[in-house]
Each structure stands twice: as structure tokens, then as C-alpha cells.
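Beneath this line is the structure, given in C-alpha cells, with notes to follow.
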Amino acid sequence: MEAVRSSCSWVADNASHVSIDPAGIEKLVDHIGGKLPPIKWDFEGIHYFDNGPLTAQYMLVLDALNFCFWPDDDLQYDHLAAGLADALKADPTVFDAHRLKKITGAALRDLLQWPRPLPLEDERVRLLHEVGTELERSFHGKAVNLVTAANGSAVALVDLVTKHFPGFRDHSVYKGHQVFLYKRAQIFVADLWGAFKGKGIGEFRDISSITMFADYVVPAVLRHWGILTCSQALVKMVDSLQELPSGSEEEVELRACTITAVERLREYLAARTGTEVLSVQVDWWLWSSGLPSAVEKVPPYHRTQTIYY
Ligand SMILES: Nc1nc2c(c(CN[C@H]3C=C[C@H](O)[C@@H]3O)cn2[C@@H]2O[C@H](COP(=O)(O)O)[C@@H](O)[C@H]2O)c(=O)[nH]1
């Protein structure tokens, strides 16, 4: 995604609160022996997969809701991915467009078997209505038609998703410049690619165009390795779990510098190994290394209330 890469690189060059340290990149690459450890998509075994169109429907619903878990200490991405998978196994029509269009907060909670209101529940419901309505209007109700309309191009699919579904238009205006981050639109493409192992409706000839998915786990991992360095004031805010307003300079810098740092890390790894390295793979490995169950103990992540990640 050229617009994502170039706008984030501009932020990194003009940042006031976050910087990227090449020494941190070298340290991490040395630590992993110069090669990215292999990582399987769905290493947790929590996603729905039937090798067919229903998987595309599941992924679109999953990534429409793939944001803001932290305000509820017990809620994690796993609950969403596994909860939606169980719901779909129990009732294959549960994500039919006409049902998504009318879903309520209580029904979503039921479906996920979550005992209390979800963070930003009203937004989650509104986004599902948006998905149902637009799928019906433009894609005969089926996410698989959206995917095939991209003709095997990851870039085209991100464009289609962001054109048709306003909820996926993850961007900010920073120092007067429009910055594109597109976390959920890009992770949707990557999730399809990962689930279908780059075959069939998960085949994208330009998967290397996708950047990492800027949210709150990977920036903390990059801080741990000294790849991202934050101003003292920002460190204090993040480490004391103070909320960082969505769209603030600090928040945009954290995300944009994370994308740019992963691009540099990818280039450095590719040069060291002499093989192509994908941002998607770097993202998956960094993300999994930042989970609470992982060996590395990373600093707290930044707290931002947003529908974008
Ligand atoms: N950058 C990046 N962020 C990712 C994912 C994934 C899961 N991707 C699946 C694809 C392959 C793997 O097998 C994964 O299962 C979730 N997240 C984000 O993390 C946050 C939730 O964290 P917590 O609730 O504490 O586990 C939340 O913002 C969520 O959107 C990823 O891959 N990359």
C-alpha cells in the first residue's frame, strides 16, 4: 500500500514524540539469528475455516470487529475469533447479510457468549449493520464476491474494502497531512491469505504490498527491543496507562513509526538473508511475541479508544 508506506514514512521523518533506532533493529535481528522464526497463521487454532465462501464471510465479520479489546481486562482477540467461529459452526446463516443488517448488541453478546457489554458495543453493532447493508447492496450479500472482485490483488481488495465500508477507512490528519494506516482492511486481506495458504480466494500476487497492521501490541514489542524510542512525556503516559486520544500526534506517531520501523526491519532482514521477507510475516511474528503468554515481557501498550484497532 503505497499511500500507507509513504504517509507513515513522512510521519516518521517529522515525528516529535517517537523515533526509530536502527541499533534496535540490529539487536533484534541478531537475537533471532538473522532469520525470522517461522510462524503459522492461526497458530492458536481459533479461527473458522471451511475452505469455502463462508470463510470469507467470517473473516469480513471478524475484521469488522477486530478492535479495542483492552477496556475489558478479560476480553481478548481470541474470544472474538473463537466466539464467531463457534457461532458460525452452530448456525451457518448467522452472518448472512440480512441478519447482520439487523443484529443488536444483545444478540452480538449472546453470539460471543460474552456476559456483559462489549467495549464500544454500539459501534460494533453499527459496523455490522454497515457490512450487511453494503454486502447486500453491492455484492449479492456475499463477502466472497467482494474478494473475487479484486481479481487476486491485495491492493485492489484493500481499495474495495475502504471504498465500500467507511468503517474500514482508518486514517488520521497529522500536522496537516493525511496519514493512511488501514489496519483492519489490510489484516482482512492477510487473514484470507493466511487461512487459504495463498491459494484460491486467498491468492494475492501482490501480498508483498501490504504493510504491518498498526495497533497496540506491536508498538509495545518494538519499544521492548529499543526499535521505537518515545519521549519521556509519552513514556509516562503509556506506562501509567493514561489514555492517548485517538488522532493525537503521539498516537499517530506511535502507529506510523511502527509501520515504518517494520518496513526497515523487513528490508534489513531481506538484505541479511538474501530472500524476500513480507511485512505480513514480520507482523505476525512480532505480534505473537508480544502476547502475554510469550517469553518476552513487553512494556504496557498504549490505551486509545478507537474503532480502527
Ligand atoms: N498487528 C497485529 N495485530 C493483531 C493480530 C491479531 C490476530 N491475527 C491473527 C492472524 C494470524 C494469527 O494467527 C492471529 O490469530 C490480532 N491483532 C490485534 O491485537 C489486539 C488484541 O490483542 P489481545 O486481545 O491482547 O490478544 C487487537 O488490536 C487486535 O486487533 C495480528 O496478527 N497482527
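For region 99-141, the residues whose amide N sits under 12 Å from a probe point set 7 Å from the Cα of Gln305 along the beta carbon direction are 119-123.
Among beta bridges identified by DSSP and lying wholly in the chain, the antiparallel ones come to about 90 percent.
With r defined as the distance between the Cβ atoms of Asp239 and Ser6 and R0 fixed at 25 Å, what FRET efficiency is calculated, to the nearest 0.05?
Numbers: r = 31 Å, r/R0 = 1.25.
It comes to 0.20.
Give the residue from Leu62, His177, Val161 lying farthest towards the positive end of the charge dipole for region 1-290; charges sit on Cβ (+1 for Lys and Arg, -1 for Asp and Glu) and the dipole is referred to the Cα centre. Ranked along the dipole, the leading option is Val161. The phi torsions of region 204-218, fed into the Karplus equation with coefficients 6.51, -1.76 and 1.60 and a -60° offset, translate into couplings of 10, 5, 10, 4, 5, 6, 6, 9, 5, 9, 7, 9, 10, 7, 4 Hz, rounded to whole numbers, with Gly and Pro shown as x.
Calculate log10 I(q)/I(0) of region 1-88 for q = 0.12, 0.13, 0.18 Å⁻¹, where I(q) comes from the Debye formula with a single equal point scatterer on each Cα and nothing for solvent. Log-scaled intensity ratios, in q order: -0.69, -0.79, -1.03. If R0 is 35 Å, what FRET efficiency do you get for Phe49 and His177 from their C-beta distance, rounded to 0.05? The calculated FRET efficiency here is 0.35. Between Ala270 and Asn14, the modelled label-to-label distance comes to 2.6 nm, taking each label 7 Å out from Cα in the direction of the beta carbon.
Dipole of region 160-309 (Lys/Arg Cβ +1, Asp/Glu Cβ -1, origin at the Cα centre): which of Gly290, Ile259, Leu278 lies farthest to the positive side? Of Gly290, Ile259, Leu278, it is Leu278. What you get for region 69-176, charging only the Cβ of Lys and Arg (+1) and of Asp and Glu (-1), is a dipole of about 420 debye around the Cα centre. In this label model, Asp21 and Thr133 are separated by 4.8 nm, measuring between points 7 Å along each Cα→Cβ vector.
Shown for region 213-277 is the translational diffusion coefficient from the Stokes-Einstein equation, using the Kirkwood radius over Cα pairs, a temperature of 37 °C and a viscosity of 0.692 mPa s: 257 µm²/s. A simple charge model with +1 on the Cβ of Lys and Arg, -1 on the Cβ of Asp and Glu and nothing else charged puts the dipole of region 1-290 at about 540 debye relative to its Cα centre. Full extension of the segment from Ser231 to Asp96, taken as 0.36 nm per residue of separation minus the current Cα-Cα distance, would add 43.9 nm.
What percent does the relative contact order of the chain come to when contacts are Cα pairs within less than 8 Å and at least six residues apart? The normalised contact order for the chain reaches 27 percent. Put the Cα centre of region 239-276 next to the Cα centre of region 122-169 and the gap is 27 Å.
The packing ranking, built from the mean of other Cβ atoms within 10 Å per residue, places the peptides 202-208, 182-188, 128-134 in the order 182-188, 128-134, 202-208, highest first. Solvent-free Debye calculation, one equal scatterer per alpha-carbon of the chain: log10 I(q)/I(0) at 0.08, 0.12, 0.13, 0.15 Å⁻¹ equals -0.33, -0.78, -0.93, -1.25.
Bear in mind these aren't lab numbers, they're just calculated from the coordinates by the rules spelled out. Just so you know, these numbers come straight off a predicted model, no measurement behind them. A quick note on method: Cβ atoms are made from the backbone with ideal geometry, for glycine too, and the neighbour counts reach across all protein chains shown.
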